[in-house]
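*Asks:* Let me give you the structure first, and then I'll get to my questions.
The values are calculated or read from the model by the stated rules, or taken from the named source; none is laboratory data. Computed from a prediction, not measured in an experiment: that's the story for all the values here. Neighbour counts run over all protein chains shown; Cβ positions are idealised from the backbone, glycine included. Surface accessibility is based on the protein's heavy atoms, side chains included, excluding ligands, DNA and RNA. Shrake-Rupley method; radii C 1.70, N 1.55, O 1.52, S 1.80 Å.
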Amino acid sequence: MTQASLVRQITDFAHRADPYPLYEELRRTPVLHEEEGGPYVISSYYDIEGLLHDPRVSSDAANLAAAGDDEVSQGENTGLPPSFLRLDPPEHDRLRRIANSAFGPPHRPRRVENMRGEMAAVVTGLIDGLADTRQIDLVDQFAYPFPVTVICRLLGVPRDDEPRFRAWVDPLVAGLDPATRTTADADFVKAAQEARMQLGMYLAGLVEERTKEPRDDLLSDLVHSQGADGSMTMMEVLSTAVLLLIAGHETTVNLITNGMLTLLRHPDVLARLRAEPGLSVRIVEELLRYEPPVQIVPQRTCIADIEVRGVTIPKGSRLWLVLAAGNRDPERFKDPGRFDPDREDIQHLGFGSGIHSCFGAPLARLETQIALAELARRMENPRLAEDPPPYRQNAVLRGPRHLDIVLDGWR
């Protein structure tokens with residue numbers, strides 16, 4: 001295996017089911033620059049963590065565009081202004097502080113936690129709907145619909161509108177997959193554009209309603225934010241809502257699916273979880289290290305020369321930060337290839353780090369804890385119908401496209 005082939009192999013779908021041997025090879029060259037104009041690929045834990053906190057590394061969509069696009073660094077393609085995920089300070093900080101005041105501490109410290117009962121009810125309802133089946137596709141029948149429903153409740157989408165909302169989300173989320181972008185026909189593109197327009201119009205209508213009659217939901221808080229950072233414009237509210245919807249949804253689907261796949265491959269841990277539901281907290285943290293839903297952060301650009309391990313990365317260069325490689329770096333974690341929820345030190349990179357650490361992390365954590373604990377409790381003798389399962393094309397947001405599970409019944 002030559003260094004020049006490594007990045008191409010990582011993005012090659014043939015290695016999607018198990019990219020970890022490639023990541024191990026990648027770590028032997030912690031700063032890999034494959035070709036002129038190509039990205040600088042960073043794979044060791046401490047280097048990734050340092051760059052995630054480095055103000056010389058930009059997330060601004062304009063800087064990324066100037067550096068040149070590649071096969072994994074495409075923009076959000078929502079038809080809206082860039083979300084704060086694609087901005088640098090100070091504008092990033094202003095928008096993120098406003099969003100956080102509606103989502104978490106100090107203003108709404110229990111917004112996510114207070115949804116625990118509602119999340120559990122959604123999970124129970126989805127599982128009860130599968131009670132007569134002995135083989136399920138966990139993705140289509142559980143991991144996909146669950147977070148969409150939660151996001152709807154969080155934003156304040158009326159329950160009667162949830163089916164329409166899901167119909168708009170489907171083609172937008174599908175558009176995140178490089179395979180659909182490169183092979184999309186005219187009908188697919190048209191459907192995605194139509195969904196984007198309909199979702200935007202619908203959310204704009206909800207924002208207008210909440211402007212006149214605020215309720216106890218995230219959209220109302222975003223609309224009526226009046227702190228030291230002022231308020232968001234309507235377009236900023238819409239960009240933030242769509243960010244939470246799309247980015248949060250895809251991450252949670254993969255985290256739940258990767259989690260159940262890992263547990264079925266480690267039946268001893270699955271049995272422990274069935275007996276100790278509280279173990280789900282540690283399991284989810286170890287999953288975020290061992291099988292992170294976001295494998296690579298490619299939307300970064302150097303806005304000054306940066307030296308990493310004696311290599312100068314020039315201003316204007318693109319960076320790929322391979323979180324999944326850093327999470328299994330033996331310089332940072334003992335026996336990193338072993339799945340161990342009893343691991344004492346799980347300071348993973350699964351949700352990134354620094355100013356762009358995952359905004360929706362508290363929500364994704366709680367959703368996955370509830371989902372895995374209840375699936376473990378309710379499933380009778382579950383086993384994989386196929387291993388490895390079929391994977392999505394996406395090398396960045398990695399997870400099974402389907403996860404077929406055979407079981408004897410439901411408790």
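*Asks:* Looking only at the range 340-349, decide whether some residue is touching a residue at least 24 places away in the same chain (Cβ under 8 Å), in contact with a Pro (Cβ under 8 Å, 6 or more places away or on another chain) and under 26 Å from Asp93 (Cα atoms).
*Replies:* yes
*Asks:* In the range 87-132, which residue that is acidic (Asp, Glu) and part of a helix (DSSP H, G or I) is farthest from Met379 (Cα to Cα)?
*Replies:* Residue satisfying both the conditions and the ranking: Glu91.
*Asks:* Still on this structure, please answer the following. Out of the residues in the range 73-88 meeting the condition of being open to solvent by 30 Å² or more (accessible area, probe 1.4 Å) and modelled with pLDDT under 60, tell me which one is farthest from Leu222 (Cα to Cα).
*Replies:* Only one residue tops the list, namely Gln74.
*Asks:* Shifting gears a bit: Within the range 210-256, which residues are exposed (fewer than 14 other Cβ atoms within 10 Å of the Cβ), basic (Lys, Arg) and in a helix (DSSP H, G or I)?
*Replies:* Lys212
*Asks:* Identify, by number, the condition in (1) farther than 30 Å from Glu36 by Cβ; (2) assigned to a helix (DSSP H, G or I) that Asp335 doesn't meet.
*Replies:* Failing condition for Asp335: (2).
*Asks:* Still on this structure: State the number of residues belonging to the range 210-268 that are of a type in the set (Ser, Thr, Tyr), modelled with pLDDT under 95 and either more than 17 Å from Ala364 (Cβ to Cβ) or out of contact with any Gly (no Cβ under 9 Å at 6 or more places or on another chain) (or both).
*Replies:* 7
*Asks:* Hey, another quick one. Within the range 332-340, can one find any residue that is surrounded by 20 or more Cβ atoms within 10 Å (Cβ to Cβ), at pLDDT 95 or above and in contact with a Leu (Cβ under 9 Å, 6 or more places away or on another chain)?
*Replies:* Among the residues of the range 332-340, not one is surrounded by 20 or more Cβ atoms within 10 Å (Cβ to Cβ), at pLDDT 95 or above and in contact with a Leu (Cβ under 9 Å, 6 or more places away or on another chain), which makes the answer no.
*Asks:* Determine, yes or no, whether Pro389 is in contact (Cβ under 8 Å) with a residue 40 or more places away in the chain and either crowded, with 20+ Cβ neighbours inside 10 Å or not small (Gly, Ala, Ser) (or both). First the steps, then the outcome.
*Replies:* Working: in contact (Cβ under 8 Å) with a residue 40 or more places away in the chain: yes; either crowded, with 20+ Cβ neighbours inside 10 Å or not small (Gly, Ala, Ser) (or both): yes.
Yes, satisfied.
*Asks:* Can I ask one more? Kindly provide the set of residues from the range 354-368 that are buried (at least 20 other Cβ atoms within 10 Å of the Cβ) and among the polar types (S, T, N, Q), ordered by number.
*Replies:* Thr368
*Asks:* Exactly one condition in (1) farther than 21 Å from Glu91 by Cα; (2) more than 19 Å from the chain's Cα centre (by Cα); (3) touching a residue at least 40 places away in the same chain (Cβ under 8 Å); (4) assigned to a helix (DSSP H, G or I) is not met by Val207; state its number.
*Replies:* Result: Val207 passes all but (3).
*Asks:* Test each condition in (1) part of a loop (DSSP other than H, G, I, E, B); (2) surrounded by fewer than 21 Cβ atoms within 10 Å (Cβ to Cβ) for Gly350 and report the one that comes out false.
*Replies:* Status for Gly350: all satisfied but (2).
*Asks:* What's the total number of residues in the range 358-411 that are part of a strand (DSSP E or B), over 21 Å from Leu323 (Cα atoms) and modelled with pLDDT under 95?
*Replies:* Qualifying residue count for the region: 0.
*Asks:* What is the one condition in (1) assigned to a helix (DSSP H, G or I); (2) surrounded by fewer than 16 Cβ atoms within 10 Å (Cβ to Cβ); (3) hydrophobic (A, V, I, L, M, F, W, C) that Leu279 does not satisfy?
*Replies:* So the condition that Leu279 fails would be (2).
*Asks:* On to the next question. Would you list the helices (runs of 4 or more DSSP H) that sit entirely within the range 1-72 and hold 2 or more residues that are modelled with pLDDT of 95 or more, open to solvent by 30 Å² or more (accessible area, probe 1.4 Å) and not small (Gly, Ala, Ser)?
*Replies:* Numbers: elements: 3-11, 20-26, 45-52, 61-67.
In the range 1-72, the matching helices (runs of 4 or more DSSP H) lie at 20-26, 45-52.
*Asks:* Looking at (1) surrounded by fewer than 17 Cβ atoms within 10 Å (Cβ to Cβ); (2) among the acidic types (Asp, Glu); (3) modelled with pLDDT under 95; (4) more than 21 Å from Leu172 (Cβ to Cβ), find the lone condition where Asp140 falls short.
*Replies:* Status for Asp140: all satisfied but (4).
*Asks:* Out of the range 195-209, which residues are open to solvent by less than 40 Å² (accessible area, probe 1.4 Å) and farther than 23 Å from His107 by Cα?
*Replies:* Of the residues in the range 195-209, the ones open to solvent by less than 40 Å² (accessible area, probe 1.4 Å) are 195, 199-200, 202-207.
Correct list: Ala195, Leu199, Gly200, Tyr202, Leu203, Ala204, Gly205.
*Asks:* Looking at the structure I just gave you, is Leu264 in contact with a helix residue (DSSP H, G or I) (Cβ under 6 Å, 6 or more places away or on another chain), open to solvent by less than 50 Å² (accessible area, probe 1.4 Å) and assigned to a helix (DSSP H, G or I)?
*Replies:* Details: in contact with a helix residue (DSSP H, G or I) (Cβ under 6 Å, 6 or more places away or on another chain): no; open to solvent by less than 50 Å² (accessible area, probe 1.4 Å): yes; assigned to a helix (DSSP H, G or I): yes.
So Leu264 does not fit the description; no.
*Asks:* Give me the pairs, please: first residue somewhere in the range 26-45 and closer than 18 Å to Ala65 by Cα, second residue anywhere and among the basic types (Lys, Arg), beta-carbon distance under 6 Å, and either six or more positions apart or on two chains.
*Replies:* From the range 26-45, the pairs are Pro39/Arg318.
*Asks:* Suppose the filter is in a loop (DSSP other than H, G, I, E, B) and closer than 22 Å to Val112 by Cβ; does Ile355 pass it? Steps first, answer last, please.
*Replies:* Numbers: in a loop (DSSP other than H, G, I, E, B): no; closer than 22 Å to Val112 by Cβ: yes.
So Ile355 fails the test.
*Asks:* Same structure, new question: If I go through the range 371-386 residue by residue, how many of them are surrounded by fewer than 18 Cβ atoms within 10 Å (Cβ to Cβ) and aliphatic (A, V, I, L, M)?
*Replies:* 2
*Asks:* Is there a residue in the range 154-163 that is open to solvent by 30 Å² or more (accessible area, probe 1.4 Å), at pLDDT 95 or above and touching a helix residue (DSSP H, G or I) at 6+ places or on another chain (Cβ under 8 Å)?
*Replies:* Checking the range 154-163: not a single residue is open to solvent by 30 Å² or more (accessible area, probe 1.4 Å), at pLDDT 95 or above and touching a helix residue (DSSP H, G or I) at 6+ places or on another chain (Cβ under 8 Å).
*Asks:* A further question on this structure: So which pairs qualify, if the first residue must be in the range 165-194 and closer than 25 Å to Thr11 by Cβ and loosely packed, with under 14 Cβ neighbours inside 10 Å, the second must be at pLDDT 70 or above and not acidic (Asp, Glu), the Cβ gap must be under 7 Å, and the two must be at least 6 apart or on different chains?
*Replies:* Filtered contacts from the range 165-194: Ala179/Gln393.
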